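K.L.:
Okay, here's the structure, questions in a sec.
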Amino acid sequence: MFPARCTTPIVFIIFNRPTATRQVFNAIRAARPEQLYIIADAPRSNYPDDIAKCAATRAIVEEVDWDCQVFKNYAGRNMGCGLRVSSGLDWVFQQVESAIILEDDCLPDRTFFPYCTELLAHYNDDERIVHISGNNFQFGQQRGEASYFYSHYAHMWGWATWRRAWQHYDYTIADWSKLRSTDWLDTRLDTPAAVANWRQIFDRMYNAKIDTWDYQWTFTCWMNNGLCIHPQVDLVSNIGFTSEGTHTVRKNQFANLPLGKLQFPLKHPAAVVRDRNADLFVQSSKFNLDLLSRLKRKVYWHRTLQKARSFFNRA
């Protein structure tokens, strides 16, 4: 059995999606956290609908009806996904030692909260562990006999971490310029395709070609030789694969995954060793590293571009 309310601070990152925000807020309300930190970006100047949508979204989180300390960090101007989330988490970890983090499209099962709370305490002083994820992404494949397993991948659709880990975060990934020509990625990844894929990702991040914050967190975890924890079932489902999403517009096999539950007390692994088979599976499925997936993706975007050109030519 687990506590009736969440004793770990919860961070809720919102923007302009009141429908998804309502669902996730209701899950947070059921957990009745003692502290709630809310991070919000401001409306975008070139999207007139943002003003009403952001206002409606912020109104939802005003409905805290349990005994709770609420702290808000609302941007005065639109900062974009990358800087808004990263600066907001900097603000959070200036105040707390550890936290559970949910974005407005990450719907958790109720067992997600005690799972994070227990593991934050269990690994509080173990610097090998830097990230606790609510995602499984193994599609029913059991990885060991424990309640969770270890990975190199920091899945971030509902997660938790410590100040001791976040303090190393660098939005600019400045060290990449020194590491790119070394075998640094080869020592962390299992296949040449994975190395090539992540080299391309980090190149784009270093050159500010993508407005996000999460690839930088993966870089930080790897820079510090950190391991990540994944549960044996999906404890968080991403409900944001809609036209309103920033990076999750087109649905895929990871959208709206059914929620699972964990049994308590948690069963800990016998040794702190990453599951290489689990990582290989994620490399080939979520990050589209195999050749066939790459070709399918290129064909999809080629057809999309052809349709768009055809439409405008007719117009």
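Readers should treat all values here as calculations from the given coordinates under stated rules, not as data from a laboratory. Everything quoted here is computed from the prediction, not taken from an experiment. Backbone-built Cβ (ideal geometry, glycine too); neighbour counts: all protein chains shown.
K.L.:
Compute the signed sum of charges (Lys and Arg +1, Asp and Glu -1) over the other residues within less than 15 Å, Cβ to Cβ, of ILE129.
P.N.:
So the surrounding residues net to -2.
K.L.:
Another question, if that's okay. Using the Cβ atoms and a cut-off under 9 Å, what net charge is assigned to the surroundings of VAL24, where Lys and Arg are +1 and Asp and Glu are -1?
P.N.:
Local charge sum for VAL24: -2.
K.L.:
With the cut-off at 30 Å, tell me which of the pairs LYS72/LYS178; LYS178/LYS267; LYS72/LYS267; LYS53/LYS209 have Cα atoms farther apart than that.
P.N.:
Numbers: LYS72/LYS178 37 Å; LYS178/LYS267 40 Å; LYS72/LYS267 36 Å; LYS53/LYS209 27 Å.
With Cα atoms farther than 30 Å apart: LYS72/LYS178; LYS178/LYS267; LYS72/LYS267.
K.L.:
Do any chymotrypsin sites (Phe, Trp or Tyr not before Pro) in the stretch 134-198 lie in a loop, going by DSSP, with at most 14 other beta-carbon atoms within 10 Å of their beta carbon, and if so which?
P.N.:
PHE139
K.L.:
Taking just the C-alpha trace of the stretch 10-314, give me its Rg and Dmax in Å.
P.N.:
Using the Cα atoms of the stretch 10-314, the pair Rg, Dmax is 19.5, 64 Å.
K.L.:
Report, in deg cm²/dmol and to the nearest 500, the calculated mean residue ellipticity at 222 nm for the chain, where each DSSP H run with n ≥ 4 adds -39500 (n - 2.57) and the sum is divided by the residue count.
P.N.:
Values: 10 runs with 116 residues, N = 315.
Taken over the chain, the calculation gives -11500 deg cm²/dmol.
K.L.:
Restricting attention to the stretch 146-195, which trypsin sites (Lys or Arg not before Pro) occupy a DSSP loop and are surrounded by at most 13 other Cβ atoms within 10 Å?
P.N.:
Listed in order of number, the matching sites are ARG180.
K.L.:
How far apart, in nm, are two points set 7 Å out from the Cα along the Cα-to-Cβ line at THR182 and at TRP66?
P.N.:
4.6 nm
K.L.:
With the dipole of the stretch 10-314 worked out from charges on the C-beta (+1 for Lys and Arg, -1 for Asp and Glu) around the Cα centre, which of ALA278, LEU266, LEU120 lies farthest toward the positive end?
P.N.:
Toward the positive end, the furthest listed residue is ALA278.
K.L.:
Counting other Cβ atoms within 10 Å, keep those with at most 16, restrict to DSSP loop, and tell me which chymotrypsin sites (Phe, Trp or Tyr not before Pro) in the stretch 1-67 are left.
P.N.:
Those that pass, being in a loop and sparsely packed, are TRP66.
K.L.:
As a footprinting exposure proxy, order LYS209, LYS72, LYS53, LYS286 by other Cβ within 10 Å, with the fewest listed first. If you can, show how the numbers build up before the last one.
P.N.:
Numbers: LYS209 9, LYS72 12, LYS53 18, LYS286 15.
By the 10 Å Cβ count, ascending, the order reads LYS209, LYS72, LYS286, LYS53.
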